[in-house]
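In what follows, a single structure is set out as structure tokens and then discussed.
Only the coordinates and a few stated rules stand behind these numbers; no lab work does. From a predicted model like this one, the values you see are computed outputs, not experimental measurements. All Cβ positions, glycine included, derive from the backbone under ideal geometry; neighbour counts span all protein chains shown.
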Amino acid sequence: MDKPIIKKKGLKRKHILYGIGIFIVAILIYQAFFRNNIATLNVDIERLSIEEVQEGIFHDYITVTGTVEPMVTIFLDAREGGMVEEKIIDEGEIVEKGDVILRLSNPDLSLSILNSESQLAEKNNFLRNTMVIMEQEKLQIKRELLNLEFDIKRKKRKYDYNKSFYSDDLISRDEFLESEENYQFAKRSYELYLERQKQDSIYRSIQVKQMQDNLTNMELNLKLIRQRLDNLNVIAPIDGQLTVLEAEIGQLIPKGGRIGQIDMLTSFKVVAQIDEHYIDKVKVGLTAILDRQDQEYQLKIRKVLPDVRDGRFSVEMVFMGEMPDNMRTGQTYYARLQLGSPQKALLLPKGNFYQKTGGQWVFVLTEGGNSAVKRFIKIGRQNPKYYELLEGINPGEKVIVSGYDGFGDNEKLEW
């Protein structure tokens, strides 16, 4: 007779497997829908720099590095080419206007002066000889005119006698006409000679004038050549410091060649290099403050040089009042260049986080202060100390401002 099979009570293997599967599914559902999935990183707070956001006055300025340069620089060029014979003043010495710095020699120029002097002497002698000849000719003409005058008188007297004799039939008609013709010929000869004297006088005057003009031009040319000889002495045109002198004994310097420069030491300017990011903001007339020996000096931009080289452009700044004592060409100073007027704003101290985030987000501490979360912000202007916060953070909140390179893509930091 068959016996009925009695089912065993209790958990079986499959029940355990079902339970484990349901538990895993529940965990996955919780992770997906109910837990806040934020990538979190544990960090050492001792290695973080934390700053508080505060309300304050934002000063729109940048720090620029400026180099001192003289306000006036005079370049020395050789006005006449030649070889350096003597070096009287060395580079770096103080000079006064009119001091001879170099002496040059030029044999060709000396020979040119001798030739000009010789030609001038020759022209002078020729002019004197011409004047003597002209005076002699003038005397000769006067003598001829005198002879003609007396000849006219004689022939007129004879003509008058013959005219009377002819009327009394004492002489023939041919003899009378001959005396009349002789008289008329003498008169015409005298008139022609007078005309010749007039024309000769005009010609001689023109000739003398031309010769005198030539002589004057030669004298002027000789004077200019002698001035060129004086130009062989390189002279300081102003008072100042001979900062550059590129000439050595025996060196051949061409005409117009650069020899050196003199800096006027009575006034200076500061030339600064500025990042091209600020080229639209920097304008003539902006002011800057230079700190030296616990004293502030006011500067003003005089000139903006628009050429951009290696990502930077230059500006020239001049002192608006007192200058620092003992300034030297080439000294370096730091100045605060004001780009705008001070305004009230939210201020965040600057830090290395900007290199990673570009100012688009930061880690802001939570209320408990034991963690920080990623938050998007908007930054406006900046100066060497602060960022101007436009939105995203409230006054009093604290921000991690140190570098974010080791945080990866985590959105929350805990410590």
note = Restricted to region 298-309 and to residues being in contact with an Asp or Glu (Cβ under 9 Å, 6 or more places away or on another chain) and more than 16 Å from GLU69 (Cβ to Cβ), the residue surrounded by the fewest Cβ atoms within 10 Å (Cβ to Cβ) is VAL308
Only one of GLU55, GLU91 that is outside any strand (DSSP E or B), surrounded by fewer than 16 Cβ atoms within 10 Å (Cβ to Cβ) and on the phi < 0 side of the Ramachandran plot = GLU91
remark   = A careful count of residues in region 370-381 that are over 51 Å from the mean Cα position of the chain (by Cα) and free of Cβ contacts under 8 Å to residues at least 24 places away in the same chain gives 0
request  = Answer yes or no: is there a residue in region 338-348 that is part of a strand (DSSP E or B) and within 36 Å of the chain's Cα centre (by Cα).
outcome  = yes
note = If you go through LEU120, LEU146, the only one that is part of a helix (DSSP H, G or I), touching a residue at least 40 places away in the same chain (Cβ under 8 Å) and at negative phi is LEU120
inquiry  = Restricting to region 94-136, and then to whatever is among the acidic types (Asp, Glu) and exposed (fewer than 14 other Cβ atoms within 10 Å of the Cβ), can you tell me which residue is farthest from LEU194 (Cα to Cα)?
reply    = GLU96
